[in-house]
1. Step by step: find N for segment 260-309, compute 2.2 N^0.38 Å, then divide the Cα radius of gyration by it. What's the final number?
2. With charges only on Cβ, +1 for K and R and -1 for D and E, what is the dipole size of segment 132-197 about its Cα centre, in debye, rounded to 20?
3. Name the residue farthest towards the positive end of the dipole of the chain from the options VAL104, TYR169, TYR507, assuming +1 on Cβ of Lys and Arg, -1 on Cβ of Asp and Glu, about the Cα centre.
4. Quick check: Cα centre of segment 511-566 to Cα centre of segment 155-169, how many Å?
5. Helix-derived [θ] at 222 nm for the chain: sum -39500 (n - 2.57) over DSSP H runs of at least 4, divide by residue count, nearest 500?
6. I need to check one value: relative contact order of segment 340-403, counting alpha carbon pairs closer than 8 Å and at least 6 residues apart, in percent.
7. If you take the beta carbon distance between MET19 and TRP271 as r and set R0 to 22 Å, what does 1/(1 + (r/R0)^6) give as a FRET efficiency, to the nearest 0.05?
8. Rounded to the nearest 0.05, what FRET efficiency do GLU517 and VAL171 have when you use their Cβ-Cβ distance and R0 = 56 Å?
Amino acid sequence: MGNWIINHGLTSFILVVWMGINIFLFVWFYQFYDLGDDYFYTRHLLGSALAWARAPAAVLNFNCMLILLPVCRNLLSFLRGSFVCCGRTMRKQLDKNLSFHKLVAYMIALMTAVHMIAHLLNVEWYNNSRRGIYDDLSTALSNLADEENNTYLNPIRTTDVDAQQTPTYFVFTTIAGLTGVIITLALILIITSSMEVIRRSYFEVFWYTHHLFVIFFAGLVFHGAGFIVRKQVTTNPPHNFTLCKDRSAEWGRNPECPYPQFTGGPAQTWWWVIGPMVLYIFERLLRFIRYMQAVTYRKIVMHPSKVLELQLMKDGFKMEVGQYVFLNCPAISQLEWHPFTMTSAPEEDFFTVHIRSAGDWTDKLIDIMQQLPEGAQGPKMGVDGPFGTASEDVFDYEVSMLVGAGIGITPFASILKSIWYKFKISNPKLRTRKIYFYWLCRETHAFEWFADLLQSLEREMEERGMVDFLTYKLYLTGWDQSHATHAWIHSDEDTDVVTGLKQKTHYGRPAWDKEFEQVRKENPTSVVGTFLCGPAALATVLEKKCVKYSDVDPRKTKFYFNKENF
């Protein structure tokens, strides 16, 4: 339990607070509409569906306020820099922004379903009351109209339409109904296109449908202006529903029972969402300004395994290790932006990204670059960023475990390059004294573009007598018999047959229990940062190992898990 609290305590506390606010809002507004005197007559027409419609609406307002904040990248980067004094635990929460964004979206979807079903029932009961199907009181309330002495309660004002068609007619001819249909359809498209299978295979579908959020928020702001849920207001003389509810025939004739007066609104959603909407508008303006800034190509390199290296330069651009940028190539798409971790070091006067073929956009970019004449500048490239990630904190730990899978090596390339530069100038601020580096790849060609950097680090460590500073292990997870035979024949050579490094390539996957045990044994009193850029399945494994091998004793080894999220 102690280890779990170390790694997940603050995250769980934040989720409990968030869920607690949702529950409080739901219960409080449910009681308000289910028990409030102002809604006695409204409840008579609608029953408990009134409270079941309004309570989810309150929860929706709260979560629609939150949904944009986790995707304000510049705001999160600012907060990450501001939380430097608050410790790594607080900064780790910002790295889970997309997970929280999804969680809030699930709550919005759930509350939208409840809210919609309840209002569909409400429209049906409004219609039945308007046609006199229920009791005398329901009929009297529904017959009230906006005239000199009274105001309406039932928003269905016409009986000229066929009874079965009236709910449909009402939905598509009122502000609340029409905006409700529009924002529900937008939400369905946004959520369905966000499924993992679509996002990975058809990113463009995900990207374009996600921008329906503009329509969603516009409809949301106007949705409450329909005022279909109305409440009783105080009159002079007052209308006492306890006395008058059974005397509807005397309304307006008996001084003790004047006509009840009703009003709608006010619309409240914009109170909740106006702040985040303004923040997000500024976020997009900042992205546009960055997009307009000129970017030049320093070098374009095509590596094996269809990995494209772009060395770019931009005035005033400053980065930290492990950060990422969003790239936009108007020649491919004016609207699509894709995140890529930078592989260069802050000490360099340019920044580098390595792009693997992984979809339509990357394939088109690689094709464009391959067709360029030698030494030519590439197409216009928009750059937004840099933005912070968990890997920024790598130098805050005395010991770090870096785990990359495939192209997931990119943030650690930046880290290792920065270490190389720090060693060259003997940087006294370098706290890190030990790094364990693991790279898992399916094919041998994937190692090639990164092997040069590792060879340079090997030489640098040997010259400085710091061979033990960097322990790295490369794992080949896919091979055929001919490759295995070739590796076995050359097994006695000083360098590896795959990478040319002194460290031999391992075949298969790491035995993580053995690796964590070794790290704990070699660093009995250290705080170890475990960093992953790779698939969710591997993240689950490493997160469990961090909990398993952390010691509750604060004087002994502790593992903190950090994962890259885009």
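1. Working: Rg = 24.0 Å, N = 50, 2.2 N^0.38 = 9.7 Å.
Dividing the Cα radius of gyration by 2.2 N^0.38 Å gives 2.46.
2. Details: 1 positive and 8 negative charges, 62 e Å.
Magnitude of the dipole: close to 300 debye.
3. Positive-most Cα among the choices belongs to TYR507.
4. Between the Cα centres of segment 511-566 and segment 155-169 lies a distance of 64 Å.
5. Details: 20 runs with 273 residues, N = 566.
Value at 222 nm, helices only: -15500 deg cm²/dmol.
6. Values: 25 pairs, mean separation 9.3, N = 64.
Across segment 340-403, relative contact order equals 14 percent.
7. So the FRET efficiency works out to roughly 0.50.
8. Details: r = 63 Å, r/R0 = 1.13.
E(calc), rounded to 0.05, equals 0.35.
The values are calculated or read from the model by the stated rules, or taken from the named source; none is laboratory data. Everything numeric here is computed off the predicted structure, so don't read it as measured data. Counting neighbours? That spans all protein chains shown, and the Cβs are built from the backbone with ideal geometry, glycine included. In case anyone asks, the SASA skips ligands and DNA or RNA and just uses the protein heavy atoms, side chains included. Shrake-Rupley method; radii C 1.70, N 1.55, O 1.52, S 1.80 Å.
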